[in-house]
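One structure is given here, and the rest of the page talks about it.
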Amino acid sequence: MSISAYQVKELREITGAGMMDCKIALVETSGDIKIAIDWLRKKGIAQAEKKADRTASEGLISAVSNGKKAVLVEVNSETDFVARNGAFQEIVRNIAQAALETDGSLEAVTAILYPGSSKTVADTVKDAVGIIGENINLRRVAMLSVKSGVIATYVHNSVSNGLGKMGVLVAIETEGRREAAEAFGRQIAMHVAATNPLALSNSELDPVAVEREKAIFSEQARQSGKSEDIIEKMIEGRLRKFYEEVVLLSQAFIINPDHSVEVALKEAEKSIGSPIKISGYIRFVLGEVLKKGEANLEDKRVAIER
């Protein structure tokens, strides 16, 4: 089949592979970008995950917590100029405060009354479009809560209190000291912001993603020409490394890379004075393309909950 220069350029930008390698990969995979990425990885030409699959979007993310419940809200605008506008920032912050009084679903947040107003959040956003002069959209909402413990929040590169381009929530379940739990939870939230884990534990990883990695590792190992028993050990080692890279509890803790997050958790129990558990986390990056079934810029009907 005919492969266009645009397809080659797109694959090269995603993988960092050479132009000829990209063209060959696309020819071998009938022009399917996703399959071509795996083809290059199996050949050892492309590195792990594609860096694209994102879409440009402006706006802000707000993180608000009342201690045992917290929300992340993403509101999009057309330009960063509007995102730096005080009136827009107040709208985002107020929507997040209103969201705390709901079940965290997008439908509930759009229907609730905007703080200090007789209008709903949805109507307030519509009014803001006319006032600010740009299209504004409440894109998604997420919520975490705990019966006993804290929800830590972190906003990376905040432009104002609780507002920025990336937000993280981490649920810490414990009966211990609240202040110490909040401090540790914030460290974990900063870690999640920096490392973007795919799952909390090995068992929560998508089995399809695991099998995909195993297939790639197997192909790479067999290219070594070694015996089957050594190949199996190579696959096990690479899969173990994969878990250490993408599973939160297995990752090297950014505060102390000599310890995994799981070990750091046990260490933190000393200052907190009680057993602790990370029961969940959520990470929003402004404008990111989301997994199948989650809200995206074109389909705004689905709320994200974890």
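Counting only protein heavy atoms and a 1.4 Å probe, segment 201-280 has 59 square angstrom of accessible area per residue.
You can think of it this way: the chain between Arg240 and Ser201 has 12.8 nm of extra reach, that is 0.36 nm per residue less the Cα-Cα gap.
Taking amide H atoms as placed 1.01 Å from N in the peptide plane, the amide H of His259 lies under 5 Å from those of Phe253, each 5 or more residues away in sequence or on another chain. For segment 223-228, backbone phi angles converted through the Karplus equation (6.51, -1.76, 1.60; θ = phi - 60°) give residue-by-residue couplings of 5, 6, x, 7, 5, 4 Hz, Gly and Pro being listed as x. Sequence-ordered 3J(HN,Hα) estimates for segment 156-164 from the Karplus curve with 6.51, -1.76 and 1.60 and θ = phi - 60° stand at 7, 6, 5, 8, 6, 4, x, 10, x Hz, glycine and proline given as x. Measuring against 31 Å, Cα to Cα, the residue pairs Lys119/Lys277; Lys241/Lys270; Lys9/Lys42 contain Lys119/Lys277 as the ones spanning a longer distance. Proximity of backbone amide H atoms, modeled 1.01 Å from N, is registered between Tyr114 and Lys119, Thr120, Val121 at under 5 Å, excluding neighbours fewer than 5 places apart on the same chain. Note on the chain: helix-only mean residue ellipticity at 222 nm, from DSSP H runs of 4+ residues weighted -39500 (n - 2.57) and normalised by residue number, equals -13500 deg cm²/dmol. When the charge dipole of segment 140-262 is built from unit charges on Cβ atoms (+1 for Lys and Arg, -1 for Asp and Glu) and taken about the Cα centre, the candidate among His259, Pro197, Ser227 whose Cα reaches farthest toward its positive end is Pro197. Anisotropy class assigned to segment 142-280 is prolate, per the alpha carbon gyration tensor with a/c at or over the 1.5 cut-off and a/b larger than b/c.
Computed across the chain, the Kirkwood radius stands at 21.5 Å (inverse of mean 1/r, all Cα pairs). When a 1.4 Å probe is rolled over the protein heavy atoms, the share of accessible surface on segment 18-164 that falls to carbon and sulfur comes to 49 percent. Residue-wise HN-Hα couplings along segment 230-238, as the Karplus relation 6.51 cos²θ - 1.76 cosθ + 1.60 with θ = phi - 60° gives them from phi, are 6, 4, 4, 5, 5, 5, 4, x, 5 Hz; Gly and Pro carry x. Per atom type, segment 218-259 shows carbon and sulfur on 48% of its accessible surface, probed at 1.4 Å.
The values are calculated or read from the model by the stated rules, or taken from the named source; none is laboratory data. Note that the structure is predicted; figures quoted are calculated from it, not measured. We place every Cβ from the backbone using ideal geometry, glycine too, and count neighbours over all the protein chains shown. These accessible areas exclude ligands, DNA and RNA; they are computed on the full protein's heavy atoms, side chains included. Shrake-Rupley method; radii C 1.70, N 1.55, O 1.52, S 1.80 Å.
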